[in-house]
Amino acid sequence: MTPDTLRSKLDHLPHTPGVYLFKSSQGEILYIGKAAVLADRVRSYFQKGADHTPKTSLLVNQISDLETMVTRSELEALILESNLVKRHKPRFNIVLRDDKQYPYVRLPIKDDFPRLSIVRRVQRDGALYYGPYTPANALRETLKVIKHVFPLATCTIDINGTAERACLEFEIKRCMAPCTGHQSKEEYHQIVKQVRQFLEGRDRELLDDLRAKMERAAEREEFEEAARLRDRLFKIERMLEKQRITQTSATDQDVLGLARRGAAVDLQILFVRGGLLIGRKDFFWPQSADASDNELIRSAIEQFYNKDGQPPREVLVPTDLDDVTLIEQWLSDKRGETVRVLVPERGAKHELVLLAEENAASAVADHLRDEELGRQACEELKRLLRLDHPPRRIEGFDISNTMGNQSVASMVVWEAGAMNKADYRRFKIQTVKGANDFASMKEVVMRRYGNARDEPNQTTDGLARPDVVLIDGGLGQLAAAIDGLKEVGQQHLPILGLAKARGEKEERVFLAGRKNPIALTATAPATHLLQHIRDEAHRFAITFHRKLRGQSLVSSKLDQVIGIGQIRRNQLLNRFGSLEKLVAASDQDLQEAGLGAETIMNLRKTLS
């Protein structure tokens, strides 16, 4: 586009709210922004003598075209901008490199017998949602505590009080068997109330209720029930002591903190629910010196909450934000009630912001240290493999099987300093019979790098071509992988094997065309990097193998049931989800699934 054409567009910009997109001469979207008045905001970039930051000056010099989208309000412009940034990820925008939906705990309180479930989308369906929980182990720990402390049902069967017998959960006192009528709806909802109190941080109310019930049970000389309530009290008190960080408020809060070191910036979000710190999320930008705190925090809020998650009642930030009223309106609409964005200057809320900033300062130091170690590791690998440049992408392979059964392979990817899980691949070994890791490795390498595309930097699946291929194993596995590369015309790919010599602790690198391996120094950055990739490949392969083995075990047990064939077996597993849930199902549920009385009797007999 010529300068005259761009000037013409600048002269005819609408005086309305909307979104603008700056583009390069090749049509690449460079930057996406919103404006209350498009004409005023867009023209401000091109005014002579404008005091731009170096980043904005670089942007303006590359703009060859622009596009605008008119909206009915500034709020609509904010939402559209957030969606477009998420979709296009322009390189001049502050982008959160994280597309995951975060897990929440869902409690459908309108059900007769509510049960907890994990979801990644919050809906306005009358249920209660708690979270987000990140990292995932925060959610696992919470559910583990609930399962051990509160006897809430965890099965998926239809609970109507008519089941013939209770499952194992009743025998170990982790469920009071409402399915058999052993526990009434009212008694069950008392447990639901306690779970709500726990998840909402209303610990004083919860503990007072439990103490009162324990004392009443003791007065009635129901000592077994009193002892069970006493144990529940103790477990809850111990858990709360570990997680409680503030007693000033039961309000749900997300707390943002920033830290800078050189050009690097880290942003931390702490998730506080009812005074409990349930998790945190970390975002790191290695080159953001030109971005202001205002821009970083505003972009983080807009993109982070532009998911199906639910904002809390309060968002605590370390600095005043432009358009804070507009952001509050948007967050309030998403939540369905008022959300406040606050800049606390004193008190407990200010201490929370300081805590988030301390976490960010620690994280930015860790990120920079990891980057430096990664750079050193790549330089060492460049020298070791005699590469033209340090490797940017490494793909690691491993094989897993049990005595030759359910043989699988994994491929993991390390790229630009981090594991790139989007490019991970899993393979079922197809051409090899029995436990033959060498032949299995050859097969998977051929499948990954076969049918090379015309593009020099891509291979099968459209994945980027690696700079280095890492094989878990010694000379045998390496030789098999090299044979596979030769057969598909990819013999020039740098490749190495990593293994420990028998009876030794040191890792050794096996190289193509070299009989004797190279011993790695235990503390060298290259050693740590290769071990990390190899261990991740091993973990990924083992996880896949265990999943297939578990499915095979379930299938083999059902195959022994007279009256259940392959089609019916798959239908039952799809309906009930697991063998345990199938065993716990009532006769009525099994009849509704299409089983006759005799088949149900055979199933109970075989699986009991």
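General remarks:
- Residues that are under 21 Å from Gly161 (Cβ atoms) and in contact (Cβ under 8 Å) with a residue 40 or more places away in the chain, drawn from the range 581-608: Lys581, Val583, Ala584, Ala585, Ser586, Asp587, Gln588, Asp589
- The range 1-58, subset small (Gly, Ala, Ser) and without any contact (Cβ under 8 Å) to a residue 12 or more places away in the chain, residue surrounded by the fewest Cβ atoms within 10 Å (Cβ to Cβ): Gly49
- Qualifying positions in the range 114-149 - aromatic (Phe, Trp, Tyr) and either surrounded by fewer than 20 Cβ atoms within 10 Å (Cβ to Cβ) or at positive phi (or both): Tyr129
- Residue that is farthest from Glu380 (Cα to Cα) [pool: residues in the range 505-534 that are surrounded by fewer than 16 Cβ atoms within 10 Å (Cβ to Cβ) and in contact with a strand residue (DSSP E or B) (Cβ under 6 Å, 6 or more places away or on another chain)]: Glu506
- Looking across the range 220-230, just one residue is assigned to a helix (DSSP H, G or I), acidic (Asp, Glu) and surrounded by 13 or more Cβ atoms within 10 Å (Cβ to Cβ), and that is Glu225.
- Test: residue in the range 45-52 that is within 21 Å of Leu75 (Cβ to Cβ) and of a type in the set (Lys, Arg): no
- Tallying residues that are closer than 25 Å to Arg106 by Cα and surrounded by fewer than 18 Cβ atoms within 10 Å (Cβ to Cβ) within the range 304-328 yields 2.
- Condition broken by Met441, with the remaining ones in (1) in a helix (DSSP H, G or I); (2) in contact (Cβ under 8 Å) with a residue 24 or more places away in the chain; (3) more than 28 Å from Ile518 (Cα to Cα) satisfied: (3)
- Extreme residue, surrounded by the fewest Cβ atoms within 10 Å (Cβ to Cβ), among residues of the range 480-504 that are among the β-branched types (Val, Ile, Thr) and not in a helix (DSSP H, G or I): Val488
So that you can scan it fast, the table gives a plain yes or no per residue for (1) closer than 20 Å to Phe198 by Cα; (2) touching a strand residue (DSSP E or B) at 6+ places or on another chain (Cβ under 9 Å):
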site	(1), (2)
Leu84	no, yes
Ile94	no, yes
Val105	yes, yes
Phe113	yes, no
Ile118	yes, yes
Ala127	yes, yes
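- Flag if Gln310 is over 18 Å from Asp266 (Cα atoms) and either aromatic (Phe, Trp, Tyr) or within 17 Å of the chain's Cα centre (by Cα) (or both): yes
- Test: residue in the range 565-578 that is outside any helix (DSSP H, G or I), closer than 22 Å to Asn160 by Cα, modelled with pLDDT of 75 or more and not polar (S, T, N, Q): no
- Residues that are surrounded by 13 or more Cβ atoms within 10 Å (Cβ to Cβ) and part of a loop (DSSP other than H, G, I, E, B), drawn from the range 92-108: Phe92, Asn93, Ile94, Val95, Leu96, Asp98, Gln101, Tyr102, Pro103, Pro108
- The one condition in (1) farther than 23 Å from Thr16 by Cα; (2) modelled with pLDDT of 90 or more that Ile94 fails to fulfil: (2)
- The range 507-525 residues that are under 16 Å from Pro494 (Cα atoms), paired with ones that are in a loop (DSSP other than H, G, I, E, B) (beta carbon under 7 Å, 6 or more apart): Val509/Pro517; Val509/Leu520; Phe510/Gly474; Phe510/Pro517
- Residue count for the range 321-368, restricted to those that are touching a residue at least 24 places away in the same chain (Cβ under 8 Å), part of a loop (DSSP other than H, G, I, E, B) and more than 19 Å from Arg280 (Cβ to Cβ): 8
- Annotation: of all residues in the range 31-66 being of a type in the set (D, E, K, R) and more than 34 Å from the chain's Cα centre (by Cα), the one that is nearest to Ser292 (Cα to Cα) is Asp51.
- Qualifying residue in the range 353-373 (condition: more than 27 Å from the chain's Cα centre (by Cα) and surrounded by 16 or more Cβ atoms within 10 Å (Cβ to Cβ)): no
- Members of the range 36-74 found to be assigned to a helix (DSSP H, G or I), of a type in the set (D, E, K, R) and at pLDDT 90 or above, listed by number: Asp40, Arg41, Arg43, Glu74
- Inspection of the range 114-123 identifies at least one residue that is over 23 Å from Arg280 (Cα atoms) and not assigned by TED's automatic domain parsing to the domain that holds Thr16.
- Of the residues making up the range 172-213, those that are part of a helix (DSSP H, G or I), among the basic types (Lys, Arg), under 20 Å from Thr154 (Cβ atoms) and out of contact with any Asp or Glu (no Cβ under 9 Å at 6 or more places or on another chain) number 1.
The values are calculated or read from the model by the stated rules, or taken from the named source; none is laboratory data. In this text the structure is predicted, and so the values were computed from the model without any measurement. Don't worry about glycine lacking a Cβ; one is built from the backbone with ideal geometry, like all the others, and counts go over all protein chains shown.
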